[in-house]
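Everything below concerns the one structure shown next.
The values are calculated or read from the model by the stated rules, or taken from the named source; none is laboratory data. Model, not experiment: these values are computed from the prediction. Quick reminder, even Gly has a Cβ in these numbers, built from the backbone with ideal geometry, and neighbours come from all protein chains shown.
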Amino acid sequence: MAHIETWHRCPVCNQAYNNQGKAVKCRNNHPIKAESWAVGKDGKAVRILDRCTFNGRGGVNWALQEADLSDDIKMRTKQLEEGNR
């Protein structure tokens, strides 16, 4: 007959354990990953993807510029026009 089991998963690697202590120990053994983010004047954050660029997007300079631009298309167009002057 089927039965119910409780599995505890590590939130980092998704490995399942039969007790919470082992799952916590696994989680605590994972290394911390550092990420670089450009934060604009209004608090907008853009992740810097230094190993991956697509059409010039993803580098440090792009992220710094993107963080200062609005997500509103009308405001963004105005900001880009002012920047080209």
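Got a sec? Which of Ala16, Ala63 is within 14 Å of the chain's Cα centre (by Cα) and either modelled with pLDDT of 95 or more or within 21 Å of Glu82 (Cα to Cα) (or both)?
Numbers: Ala16 fails: within 14 Å of the chain's Cα centre (by Cα).
Just one listed residue meets the conditions, Ala63.
Please work out if Lys33 is modelled with pLDDT under 95 and among the charged types (D, E, K, R). Step through it out loud before you land on a result.
Values: modelled with pLDDT under 95: yes; among the charged types (D, E, K, R): yes.
So Lys33 passes the test.
Out of the residues in the range 19-44 meeting the condition of being surrounded by 12 or more Cβ atoms within 10 Å (Cβ to Cβ) and in a loop (DSSP other than H, G, I, E, B), tell me which one is nearest to the chain's Cα centre (by Cα).
Taking the candidates together, the pick is Lys44.
How many residues does the range 61-85 hold that are under 19 Å from Arg47 (Cβ atoms) and assigned to a helix (DSSP H, G or I)? Give the derivation first.
Within the range 61-85, the first condition is being under 19 Å from Arg47 (Cβ atoms), and the residues that meet it are 61-71, 76.
Of the ones still in play, those that are also assigned to a helix (DSSP H, G or I) are 61-68, 76.
Number satisfying all stated conditions: 9.
Has the range 47-55 got any residue that is in contact with a helix residue (DSSP H, G or I) (Cβ under 9 Å, 6 or more places away or on another chain), in a helix (DSSP H, G or I) and modelled with pLDDT under 90? Steps first, answer last, please.
Going residue by residue through the range 47-55, those that are in contact with a helix residue (DSSP H, G or I) (Cβ under 9 Å, 6 or more places away or on another chain) are 47-50, 53.
Still in the running and in a helix (DSSP H, G or I): none.
Within the range 47-55 (the criterion being in contact with a helix residue (DSSP H, G or I) (Cβ under 9 Å, 6 or more places away or on another chain), in a helix (DSSP H, G or I) and modelled with pLDDT under 90), the answer is no, since none of the residues qualifies.
Can you find, within the range 14-46, the residue that is farthest from Ala63 (Cα to Cα) among those that are free of Cβ contacts under 8 Å to residues at least 24 places away in the same chain and touching a helix residue (DSSP H, G or I) at 6+ places or on another chain (Cβ under 7 Å)?
Top of the filtered list is Tyr17.
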